[in-house]
Structure formats: C-alpha cells, structure tokens
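The values are calculated or read from the model by the stated rules, or taken from the named source; none is laboratory data. Because the structure is predicted, anything quoted here is derived from the model rather than measured. For neighbour counting, all protein chains shown are included, and Cβ atoms are generated from backbone atoms with ideal geometry for every residue, glycine included.
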Amino acid sequence: MAILEEMAFRLVQAVLALDRVAVRQIMVESMNVSAQGGGVAFAGDVLSLALRTVGEQWLTGALALSQVYMSARLCEQVMQELIPCPVRAQGETRIAMVSLIDRHALGKTIVLSILAACGIPVVDYGAGVSVDEVVGRVQTDRPDVLLVSTLLLPSAFCVKELCERLRALSLQTRVVVGGAPFVLDPELWTRVGADAVGYSAGEAPRIIQALTGLNKEGAGLRV
Amino acid sequence: MKTVMTAMQRVEAALSHRAGDRVPFFLLFTMHGAQVTGCSLRDYFHDAASMAEGQRLLQRRFGHDCHYAFTYAAAEMEAWGGETLFVDDGPPVSAAPVLRSWEEIDSLAPPRLADSPALQRALDLIARLQSPDVPVVGVVMSPFSLPIMQLGFETYLQLLYEQPERFEQLMRVNIEFCVEWANAQFAAGATALCYFDPVASPAIVPRDLYLRTGHRVACATLPRLHGPVATHLASARTLPILDDLAVTGTTAVAAGNGEDLVELRRIARGRFTLVGNLSGVDMTWWTPEQARAETRDLLAKGGGTGGFILADSHGEIPFHVPLEVLDAIADEVRCSVHR
C-alpha cells in the first residue's frame with residue numbers, strides 16, 4: 001500500500017475509535033513526510049483521503065452520521081492544535097458556506113470541520129439564512145464557490161431561486177449543494193440548477209479542488 | 001364479493017396480521033389541510049377546528065384509512081419553552097434549542113401538558129376527529145430523539161458520546177414527558193401513535209451505541225403506553241435494527257426510504273406490521289403514471305395477507321406534492337381490490 005493510503009487507512013481507524021492521541025501522532029507523521037519532501041499538500045491529502053473514506057462508508061451504510069461528525073470534529077481539533085494559525089496561500093480561491101433556510105446546521109458543521117482540518121479557509125454565512133440574505137452576501141463577497149447545505153426538502157427547492165438570482169446578476173459563483181434531500185433524490189441537484197453536488201461531507205475538499213480548476217463556463221458536473 | 005370494511009376494521013386487520021378487503025393506506029397529511037381549508041399555515045396550525053376540518057376533507061377526497069392528528073414536531077418544544085418558526089410553504093420548525101448549557105439538564109423537569117396551548121390544541125384535534133370508522137393516528141417524539149430540538153443536533157451528539165451521566169438524566173426526564181404526552185393522546189381518543197425516533201436509525205448512530213442508549217429507552221417507554229405504537233425513523237434506514245425494534249413492544253415499524261419491503265417482511269416474520277414506503281421526496285416530481293406504478297409495486301411487495309399498511313416513508317406528505325399524484329396513489333389502491 002502506498003504511504004498515502006497506508007497513513008489514511010490508519011487515520012480512519014484512529015478517528016473512528018475517537019483516539020485523539022493516535023490521530024495526532026498520524027498527522028504529525030504526515031506533516032513530517034511533507035517536510036521531508038513529500039510535498040506541502042501531503043498531510044492535507046492524508047486527511048482528505050481519510051475523511052472522504054469515512055464519508056463514503058457513511059453513504060454505503062457502513063458508518064453512522066454521528067461517526068462522521070465526531071471524526072470530523074476530532075480532526076479539526078487536532079489540526080487546530082498542530083497548526084493554530086494556518087497560512088493563506090496567495091491567490092487562494094474563496095469559499096463560502098451556508099445552511100440555507102434550515103437552522104439545523106450539522107451537515108454544514110461537518111463540512112466546515114473537514115475543510116478546516118484540510119487547511120481550506122471558508123467564510124461561514126451561518127444557518128437559517130434566507131435566499132435574499134445569501135444573494136446579498138455573495139454580491140458583496142463574490143466567492144468562487146458557495147457550498148449550500150439543506151436538511152428539509154422545501155429548503156432544497158429554494159436553491160433553484162438562489163441559483164437563478166445569482167445567474168441573473170451575472171455572478172460567477174459556482175453553487176455546490178449537499179444534505180439529506182440531495183442524498184434521497186440523487187438527481188435533485190440538476191433540477192434546482194446547482195453546479196455540483198456532494199453526497200457526503202468527505203467529498204468537499206475534492207469537489208472544491210475540481211471546481212476551482214474548471215473553466216467557469218463549463219457545464220455542471222457530478223464529482 | 002368481498003365485504004367492504006371501514007377504515008378502522010381494515011387497519012385493525014392489518015395490525016392483527018389478517019387480510020382485509022384491501023391493503024390499508026395512510027396519506028399522512030399535515031400542511032395540505034391548510035390548502036384545502038384556505039388557511040395560511042400559521043392560522044391552520046393554531047386552530048384545532050380548522051385542522052380537524054382539513055383532515056376530514058382530505059380523508060373524504062382520497063379515501064385513505066386514517067385521520068392524522070400530528071400538527072408539527074416543534075409543538076412539543078413549545079411545551080418546553082421553545083419557539084416555533086412558521087413559513088408559508090413548509091413545515092413549522094423549532095427555533096433555538098431550549099437547553100443552552102449542560103448544567104440545565106441537571107435540574108430539568110418535564111413540562112406540564114396543561115400549560116401548553118400547542119399540545120392542548122393537538123388533544124382537542126384528536127377529540128374532534130374521533131370516529132368509530134376512521135382511526136386517529138397521533139405522534140409522539142421519542143425521548144431519545146427529542147434532544148435534537150432540545151439541544152441542537154451537534155450538542156446532542158456530543159452529549160451522547162461524552163456525557164453519559166447527563167444523557168441518562170435527560171432520558172429519565174424525557175421518558176416521563178413522553179409517557180404522559182402519549183397516554184394523554186390515547187385518552188383523548190387516538191387509536192394509535194407514531195413513536196418518532198429518527199436518531200435510532202443506524203444512518204444516524206451506530207447500532208452498538210443505539211443498543212446502549214435509545215433501545216433501552218424504547219424498551220422502558222413503549223410498554224408504558226396505553227395503545228398500539230408504530231416506530232417511525234423518518235425515512236432513515238431500519239433494516240440493521242429490525243430485530244432490535246421487534247423486542248421494544250412496538251406494534252408496527254415504518255420502513256426507510258428505498259428499503260426493500262420483501263426483505264423487511266422476511267425479517268419481520270409477523271412480529272410487527274410494516275408501514276411504508278412511498279418516497280415523499282420523489283412524489284414531488286412523479287407523474288400520476290409513475291405514482292401508480294410505484295404504488296402497484298409496493299402493494300405487490302407488501303402483500304395482501306395483513307401485516308402491511310401502505311404509506312409515505314417520512315411520516316408527513318411534503319407540501320410540494322401535487323394533489324393529482326396523491327389522487328393517483330389513492331385510485332391505484334382502490335383498484336387493487338378488484339385484482
């Protein structure tokens with residue numbers, strides 16, 4: 001097994017066991033690999049692969065949502081101990097996230113934890129936010145990617161209005177949706193006009209990397 | 001020629017694992033009642049007479065086999081001091097959690113039902129809907145799932161994993177409230193209750209954790225209730241814990257969204273009735289023809305020998321489901337009598 005996959009495998013076992021000591025040890029090892037020429041992104045790749053694996057196992061039914069949440073939370077806490085003040089790369093793509101309409105923000109919290117642990121800064125627009133408020137924030141901030149989390153079906157339908165209004169304003173922000181309605185109805189993201197969908201929180205880092213590397217005129221895609 | 005049963009007789013046959021004149025079906029309406037009575041959602045949910053009229057109008061139109069006395073989940077939170085947010089096109093939702101610190105659990109006591117206008121309205125609704133011919137189905141949040149609203153989802157998960165003693169204290173209080181609230185509904189005339197317990201699903205917490213927590217809670221709660229109960233996981237997965245649910249005292253179990261009824265029936269082995277599992281999410285985009293096809297499929301899988309009630313998977317028909325889709329479902333069920 002290549003070293004990346006081996007470390008990610010051990011990290012998955014550690015987070016699922018909620019073994020903070022083991023998680024810290026593995027992340028220090030991966031950061032040492034980075035420092036020894038493994039590439040700056042190596043530690044982030046280990047973390048991203050591990051959390052994506054956890055998310056995939058949730059989608060297949062092997063893991064529960066509580067395990068995904070506790071894993072992401074543990075990783076974020078450990079990374080905050082190891083890197084209290086992450087350095088922003090120059091020209092970094094700006095990402096924003098919102099829990100649209102719904103006040104329950106568990107999904108958003110999990111995604112934010114994963115992205116924070118992977119060193120991807122995100123502007124949090126909060127939970128229970130209306131379409132009007134989101135459009136206003138996007139007009140001001142002009143993020144490259146807006147991650148939209150919903151729990152209830154009516155909130156998922158509101159994404160359609162959100163996307164239409166952003167396009168009417170010629171804003172280039174790509175909208176990525178996620179949450180229970182989009183998992184229960186895998187094609188719903190196309191009907192609401194989103195640019196992409198994530199079926200589990202662990203997909204977030206890969207989706208962001210894929211989108212920010214794309215021509216913004218490109219068609220929507222499932223990543 | 002088969003004798004035509006009343007809805008009550010049909011549902012009783014299904015719960016007793018006997019064949020009726022046809023498979024009973026539940027259309028679990030909440031918000032649609034406002035549509036047919038011409039009320040705003042806020043006004044509708046604040047008036048038991050309107051809610052009763054809405055249920056009766058819908059039952060007359062679609063011919064389904066229950067009146068649904070569920071108002072909205074946040075009504076229970078109002079009893080605990082919480083606020084509810086009403087919107088124009090979706091279910092009322094609970095506002096901020098009522099418990100803002102761990103320490104509040106230490107001195108928590110269950111609220112008095114008599115002090116809650118929202119719960120008194122629900123009891124009034126049940127009383128207005130009482131009938132010998134149509135069952136009245138109420139809803140109670142399980143003590144194990146209620147903390148999602150009491151604490152917020154994230155804080156509750158942290159409690160579950162990190163504060164076992166406070167979790168036990170919270171469950172003690174919640175069980176007492178649940179038992180009192182459920183039995184008040186039976187006393188008011190409810191025929192059966194949905195025991196709403198989404199956190200029990202292995203999609204939300206792993207089975208081993210459920211067995212140490214929510215399963216113990218269900219086993220301590222359900223035997224104290226004065227009527228039949230259907231355990232409902234709000235469309236989440238049930239299959240890995242069906243055998244566990246069977247020993248809680250539940251009379252019925254609602255299948256998760258997309259779960260295979262044939263497989264569930266094999267595991268149920270007549271120990272409980274299955275309810276479900278038309279996809280409420282998919283209903284929003286079905287054509288009437290698709291609705292008929294899905295209904296036929298589930299009727300075939302659920303079987304006509306009792307032990308099955310056709311219903312949606314979530315426990316509440318989404319407001320965006322067109323009435324003609326529901327007409328198609330109802331018509332297909334009625335046509336099944338003649339096959």
remark   = The residue that is farthest from B:T284 (Cα to Cα), considering only those in the range A:131-151 that are surrounded by 21 or more Cβ atoms within 10 Å (Cβ to Cβ) and within 14 Å of chain B (Cβ to nearest Cβ), is A:S149
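Select from the range B:80-138 the residues that are among the basic types (K, R) and at pLDDT below 95 and list them in ascending order.
Within the range B:80-138, just B:R100 meets the criteria.
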request  = Could you grab me the full set of residues in the range B:73-123 that are aromatic (F, W, Y) and either within 14 Å of chain A (Cβ to nearest Cβ) or surrounded by fewer than 16 Cβ atoms within 10 Å (Cβ to Cβ) (or both)?
outcome  = B:F86, B:W102
request  = Those residues that are of a type outside the set (S, T, Y) and in a strand (DSSP E or B), I need them from the range B:163-214; list them, please.
outcome  = B:A192, B:L193, B:C194, B:F196
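Kindly provide the set of residues from the range B:56-72 that are under 20 Å from the mean Cα position of the chain (by Cα) and surrounded by fewer than 17 Cβ atoms within 10 Å (Cβ to Cβ), ordered by number.
Looking only at the range B:56-72, we keep the residues that are under 20 Å from the mean Cα position of the chain (by Cα), and these are B:56, B:58-59, B:62-72.
Correct list: B:G63 only.
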remark   = When (1) over 14 Å from the mean Cα position of the chain (by Cα); (2) hydrophobic (A, V, I, L, M, F, W, C); (3) closer than 18 Å to A:A180 by Cα are applied to B:L245, the one that fails is (3)
key: Flag if A:T190 is touching an Asp or Glu at 6+ places or on another chain (Cβ under 8 Å), within 14 Å of chain B (Cβ to nearest Cβ) and polar (S, T, N, Q)   = no
message = Condition (residue is away from chain A (no Cβ under 14 Å), over 20 Å from B:T191 (Cα atoms), more than 18 Å from the chain's Cα centre (by Cα) and at pLDDT 95 or above) applied to the range B:3-21: is it met by at least one residue?
response = no
ask   = How many of the residues in the range B:156-166 are more than 9 Å from chain A (Cβ to nearest Cβ) and crowded, with 18+ Cβ neighbours inside 10 Å?
value = 2
note = Filter the range B:240-289 for residues that are part of a loop (DSSP other than H, G, I, E, B) and among the acidic types (D, E); the one that is farthest from B:G304 (Cα to Cα) is B:E259
ask   = Looking at A:T190, is it over 17 Å from the mean Cα position of the chain (by Cα) and modelled with pLDDT of 95 or more?
value = yes
ask   = Does the range B:200-216 contain any residue that is closer than 25 Å to B:Y68 by Cα and of a type in the set (V, I, T)?
value = no
